[in-house]
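Inspection log for the structure reproduced underneath, given as structure tokens.
Every number here is computed from the coordinates shown, using simple stated rules; none is lab data. In this text, all values refer to a predicted model and were calculated from it rather than measured experimentally. Reconstructed Cβ throughout: ideal geometry from the backbone, glycine too, with neighbour counts over all protein chains shown.
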Amino acid sequence: MRSPGVIHADTEILVPFFDIDTMHVVWHGHYVKYLEVARCTLLDQIGHNYNHMRDAGYAWPVIDLQLRYVRGATFGQRINVRASLVEWENRLKINYLISDAVTGERLTRASSVQVAVDIASREMQLASPQVFIDAVTRHLP
């Protein structure tokens, strides 16, 4: 069973025409963009977004991304993308649920893993920087 996470952020997206393919569903690669939008909303909510990460001296590349498609989203559909923080002390792991914003029907599940990399040395960190851990801790329920 997937971890529900400790902090959540929901983002509603109206599927644009340019995201659909010839089968009239969202092309699979665009879901990654939707995850990124939700991840940025979650990081803003925590108070430590990509600008803060950079200013603290760290990049956070995605090292693992998994998606499970259940049903394709379509042009004009309102979807909700929920990003849920599940790990933050050694790496940043976020679970996602994309669902129809009206019916709640599940469309896609996903997860992403990111690690801190010292910008100056380009060395991957074995633990998350304390500044990030502190930001998360301040927002725990």
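Rundown of residues vs (1) under 17 Å from His8 (Cα atoms); (2) of a type in the set (A, V, I, L, M); (3) surrounded by 15 or more Cβ atoms within 10 Å (Cβ to Cβ); (4) over 14 Å from the mean Cα position of the chain (by Cα), yes/no style:
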| site | (1), (2), (3), (4) |
| --- | --- |
| Lys93 | yes, no, yes, no |
| Arg109 | yes, no, yes, no |
| Val115 | no, yes, yes, no |
| Met124 | no, yes, no, yes |
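Is it fair to say Ala9 is under 14 Å from Thr108 (Cα atoms), surrounded by 13 or more Cβ atoms within 10 Å (Cβ to Cβ), small (Gly, Ala, Ser) and touching a strand residue (DSSP E or B) at 6+ places or on another chain (Cβ under 8 Å)? No: the conditions fail for Ala9. Quick check on the range 113-129. Is at least one of its residues of a type in the set (Asp, Glu), in contact (Cβ under 8 Å) with a residue 12 or more places away in the chain, closer than 16 Å to Arg54 by Cβ and out of contact with any helix residue (DSSP H, G or I) (no Cβ under 9 Å at 6 or more places or on another chain)? Checked against the condition, which is being of a type in the set (Asp, Glu), in contact (Cβ under 8 Å) with a residue 12 or more places away in the chain, closer than 16 Å to Arg54 by Cβ and out of contact with any helix residue (DSSP H, G or I) (no Cβ under 9 Å at 6 or more places or on another chain), the range 113-129 yields at least one hit.
Please tell me if His24 is surrounded by fewer than 18 Cβ atoms within 10 Å (Cβ to Cβ), touching a residue at least 40 places away in the same chain (Cβ under 8 Å) and assigned to a helix (DSSP H, G or I). In short, no.
Checking each residue in the range 28-43 for being out of contact with any strand residue (DSSP E or B) (no Cβ under 8 Å at 6 or more places or on another chain) and either among the polar types (S, T, N, Q) or under 15 Å from Val131 (Cα atoms) (or both) picks out only Leu43. Considering the conditions (1) within 21 Å of Ser128 (Cα to Cα); (2) surrounded by 13 or more Cβ atoms within 10 Å (Cβ to Cβ), Asp64 is excluded by exactly one of them, (2).
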